[in-house]
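Have a look at the structure below before the remarks.
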Amino acid sequence: MTTSDAIAVLNAGSSSFKFSLFAQADGDPFVVARGQAEGLYTSPHFVAKDGAGAVIHDKAWSPGTELGHDGALDYLVTFLRDRLTGHRLIGVGHRVVHGGSEYTKPVRVDASIVAKLEKYVPLAPLHQPHNLTPIKAFLERLPHLPQVACFDTSFHRTQPPVAQAFALPAEITDRGVQRYGFHGLSYEYVARVLHEYSARAAQGKTIVLHLGNGASMCAMAAGRSVASTMGFTAADGLPMGTRCGSLDPGVVLYLLDELGMDAQAIEKLIYQQSGLLGVSGISSDMRTLEASDDPRASFAIDLFVYRSGRELGSLAAALGGLDAIVFTAGIGENSRELRERVCRDAAWLGVELDADANRRGDGCISTHASRVSAWVIPTNEEVTIARHTRELVGTHADREYA
Ligand code: ADP
């Protein structure tokens with residue numbers, strides 16, 4: 001039987017990871033399997049689906065089992081070997097949240113690169129350590145398997161210095177306290193496919209709204225990031241599922257000094273108890289809020305729409321004009337109501353919504369006469385990682401990794 005080269009893409013969190021297996025093709029790599037392992041330290045559950053979405057493997061361990069990342073990765077590698085025998089793994093691409101100011105593009109990782117990436121753990125304590133865990137596990141277990149790290153920050157390194165700086169003393173800035181921006185792998189994907197939708201959007205001034213559980217916006221000039229709503233951390237900018245977004249720094253001092261909260265409690269507040277969940281007191285999930293008739297749910301959505309409109313205006317100012325806006329990610333791709341409200345509020349910028357097209361929810365959702373066009377483009381961070389990994393790994397048809 002002939003085997004074809006394949007690339008695995010991993011997105012690891014604290015107690016779970018998502019994976020996709022991409023087969024090589026002349027154009028974009030395509031998915032042959034995807035799935036996730038979750039509850040790694042409490043109640044592990046591994047599910048894999050084929051490219052069409054049908055479940056091909058489902059394994060649950062008894063509650064209390066501590067499979068851990070290492071155990072689950074071993075399970076994944078064995079699964080790929082035993083079940084996907086037509087494909088040979090030639091490399092793994094990892095989503096890594098932080099590449100600091102140094103990593104402006106993806107990189108082949110070895111132990112010395114991992115040591116450098118560990119430096120960014122304090123900048124993204126909730127994500128970076130978990131992103132690095134599978135890299136270290138593979139370096140130990142399968143040292144010859146090529147690995148590539150792709151960063152959520154890299155895409156934004158084209159921003160001008162004024163967009164990346166805080167107005168803080170230079171000695172603080174020099175210690176890495178600057179705006180980094182995130183969701184870069186999603187923005188890179190949109191920037192790459194935008195010309196298939198609109199040459200003007202691809203070459204002009206475009207704002208991409210990545211509205212998911214995490215939400216941010218990016219202003220692009222000819223497909224390059226010039227400004228974004230997220231800053232030093234992924235807590236900045238828009239309100240999100242559970243994150244507050246931009247917050248007057250004086251609030252943090254007040255919480256510390258007057259309400260007696262410590263750093264840990266404030267971190268929890270900012271990252272896990274705020275945003276749609278905190279404001280509504282009901283849910284972080286936009287679907288639940290849209291279905292609710294509780295006024296607190298409506299207010300949480302109102303706030304999300306209002307802040308989206310303000311950030312849109314701010315990014316249009318950074319661009320000095322606007323040709324197109326693009327909605328992507330869970331809310332952006334699926335919530336007609338949300339898109340409609342954001343577009344109506346952006347009428348002053350020149351956006352004229354086509355209500356029927358918006359209901360269909362694919363491609364162009366603005367009228368022909370609209371001065372600023374509006375689009376829905378499904379994002380695909382995994383394929384971006386797979387492409388970079390393929391480029392950096394090359395083809396190793398004659399090489400066995402383990
Ligand atoms: P993540 O940032 O975790 O990748 P997603 O991009 O999957 O998040 O987005 C999750 C968000 O998308 C949730 O708030 C969810 O409610 C919302 N969402 C998904 N489908 C719909 C829908 N049909 N209508 C409204 N919101 C939706």
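Remarks
- Between the C-alpha center of the stretch 326-340 and that of the stretch 218-275 there is a gap of 22 Å.
- Note on the chain: percent of Cα-Cα distances in each 10 Å bin, starting at 0 and stopping at the bin with the largest distance, equals 5, 21, 30, 27, 14, 3, 0.
- Remark: the stretch 301-378 is approximated by an ellipsoid whose semi-axes, taken from the C-alpha gyration tensor as √(5λ), come to 17, 15, 11 Å, largest first.
- Amide hydrogen neighbours beyond the local backbone of residue 148, cut-off 5 Å, H modeled: 92, 93, 94, 109
- Counting Lys and Arg as +1 and Asp and Glu as -1 over every other residue whose Cβ lies under 12 Å from the Cβ of residue 15, the net charge comes to -2.
- Distance between modelled label sites at residue 60 and residue 168, nm, 7 Å Cα→Cβ extension: 4.6 nm
- For the stretch 177-260, the list of GluC sites (Glu not before Pro) that fall in a loop by DSSP and count at most 12 other C-beta atoms within 10 angstrom reads 258.
- Entries of 116/205; 18/268; 119/205 with Cα pairs more than 32 Å apart: 116/205; 119/205
- For the stretch 328-370, dividing the convex hull volume of the Cα atoms by the residue count gives 61 Å³ per residue.
- Gyration tensor (alpha-carbon) shape descriptor, the stretch 1-156, a/c threshold 1.5: oblate
- Approximate shape of the stretch 258-359 as ellipsoid semi-axes (Cα gyration tensor, √5λ), whole Å, largest first: 29, 19, 11
- Nitroxide proxy distance, nm - points 7 Å out along Cα→Cβ at residue 121 and residue 38: 2.6 nm
- Nitroxide proxy distance, nm - points 7 Å out along Cα→Cβ at residue 141 and residue 30: 3.0 nm
- One chain, two ends: residue 81 and residue 175. Fully extended at 0.36 nm per residue, the span grows by 29.4 nm beyond their Cα-Cα distance.
Any read-out appearing in this document is the output of simple, stated calculations on the displayed coordinates, not a laboratory observation. Note that the structure is predicted; figures quoted are calculated from it, not measured. Because the Cβ atoms are built from the backbone with ideal geometry, glycine has one as well, and the counts that use them run over all protein chains shown.
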